[in-house]
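Trainee: Would you mind keeping the following structure in view while I ask a few things?
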Amino acid sequence: MNSSQPAQPIPVVVLSGFLGSGKTTLLNHLLGNRGGTRIGVVVNDFGSIEIDAMAVAGQVGDSMVSLGGGCLCCAVDGSELDAYLEKLSAPVHRIDVIVIEASGLAEPQEMIRMLVASENPAIRYGGLVQVVDAAEFDATRAKHPESDRHLAVADLVVLNKTDRVEPAGLARIGAELGALCPGTPVVAADHGRIDPELLFDRRPWTETRGQLSFEDLISQARDADDADHAEDTEDEDHTGHAHTVYESTEFESEQALNPRRFIDFLDRRPAGLYRIKGYVHFGVPGHEERYEVHAVGRFLRFVPGPWDRGEPRRSRLVLIGAGTDGAALLRELEACREPAPQHAPPESMWGILRYVDRPAQADAEPEPEPEPEPYEPDPYGDPDSD
């Protein structure tokens, strides 16, 4: 990254789910497979003894803060959370991503509102991941009907503990999730094992020390656990594990992309397409900058920024999913090419600008009101959406 460029806001990912769904296990898996990525962690335990905080403290050191005694959503103005996020987002920590593990009794929609309303320019909301216990799916819905509402605002659903449910039961749960949160990708997992690349970019691990690092210790512990698991289940077929079915498709274009056709592509992306990352060149007059695109599940954000000196104007995208047709995705993206972007009207960018966080400027002209889009209705700003 060019040091002369301002640092981009740190994405804040919310990890939510009811008590016992496996959030801490998933978080520890992310920490143990992060490569060289620096993850800041906020653990929110319900109660005075911060067990979850103790479970992850050895893996993040000074990059972790903890809120005990209640849910984050109970802080009416969010000032306490803001203070912790300000600490983690300080440049001295060089954090790449922040993960908030919410209390099992937290209200995800309120947490989203806190993050969206935050005035800290160093962070940005990065999506809600809802962890669902497959083995307790029916019991949880019966005891906590509000879980349906939580699923409705999720950007990505992790169906955890799938190793404890028969295939027929998983198929039924999958169908019910499809009805409860249509269009939201669902990732199957056991023991919280999902690919961290679905949530954030992993930096290569390059640091070396004279003794074993936390990364080495975690890796050794994970390998030992995998070996024990293999001995206990040596007759099982592991080809169906989630990590074996992820597919990556790469797209690159020297031509600009048409913003309207690209948004249409995003609106119609299949549920199995979990993540999209990269840069897009639109070349529309007044919008010639580089647009970083980041999608996790149905969450979508564009971040405009300057091109580096000498950097060619091109679009480069990586699409990660399961059960997706890579060739079909490439054909759709090829159809988004625009040979004459200089003739595109400014309003063609309105669909893109819906997903851009722009700082308020007193002397700036107001942005035109975007046309209504069918994609990702905003469930966070409407108080009646509960």
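Trainee: For region 153-178, which positions are touching a Cys at 6+ places or on another chain (Cβ under 9 Å) and open to solvent by 40 Å² or more (accessible area, probe 1.4 Å)? First the steps, then the outcome.
Mentor: Taking region 153-178 as the starting set, the residues that turn out to be touching a Cys at 6+ places or on another chain (Cβ under 9 Å) are 153-154, 157.
Matches in region 153-178: none.
Trainee: Within region 272-281, can you find the residues that are under 17 Å from Leu156 (Cβ atoms) and surrounded by fewer than 20 Cβ atoms within 10 Å (Cβ to Cβ)?
Mentor: Gly272, Lys277
Trainee: Please go through region 21-38 and pick out each residue that is basic (Lys, Arg) and within 12 Å of Asp195 (Cα to Cα).
Mentor: Across region 21-38, the qualifying residue is only Arg34.
Trainee: Residues Val284, Val245: which one is at pLDDT below 85 and either under 30 Å from Val14 (Cα atoms) or surrounded by 17 or more Cβ atoms within 10 Å (Cβ to Cβ) (or both)?
Mentor: One residue alone meets the criteria, Val245.
Trainee: Scan region 301-328 and report the pairs whose first residue is over 25 Å from Asp357 (Cβ atoms) and free of Cβ contacts under 8 Å to residues at least 24 places away in the same chain and whose second residue is surrounded by fewer than 16 Cβ atoms within 10 Å (Cβ to Cβ) and basic (Lys, Arg), with Cβ atoms within less than 7 Å and a gap of 6+ or a chain change.
Mentor: From residues that are over 25 Å from Asp357 (Cβ atoms) and free of Cβ contacts under 8 Å to residues at least 24 places away in the same chain, there are no pairs.
Trainee: Hey, among the residues in region 179-204 that are free of Cβ contacts under 8 Å to residues at least 40 places away in the same chain and in a helix (DSSP H, G or I), which one's least open to solvent (accessible area, probe 1.4 Å)?
Mentor: Leu180
Trainee: So which of Gly69, Gly104 is in a loop (DSSP other than H, G, I, E, B), modelled with pLDDT under 85, surrounded by fewer than 17 Cβ atoms within 10 Å (Cβ to Cβ) and in contact with a Ser or Thr (Cβ under 9 Å, 6 or more places away or on another chain)?
Mentor: Result: Gly69 is the single residue among Gly69, Gly104 that is in a loop (DSSP other than H, G, I, E, B), modelled with pLDDT under 85, surrounded by fewer than 17 Cβ atoms within 10 Å (Cβ to Cβ) and in contact with a Ser or Thr (Cβ under 9 Å, 6 or more places away or on another chain).
The values are calculated or read from the model by the stated rules, or taken from the named source; none is laboratory data. Here the structure is a predicted model, which means the values were calculated and not measured. Cβ sites come from the backbone with ideal geometry, for glycine too, and all protein chains shown count toward neighbours. These area figures cover heavy atoms from the full protein model, side chains too; ligands, DNA and RNA do not enter into them. Shrake-Rupley method; radii C 1.70, N 1.55, O 1.52, S 1.80 Å.
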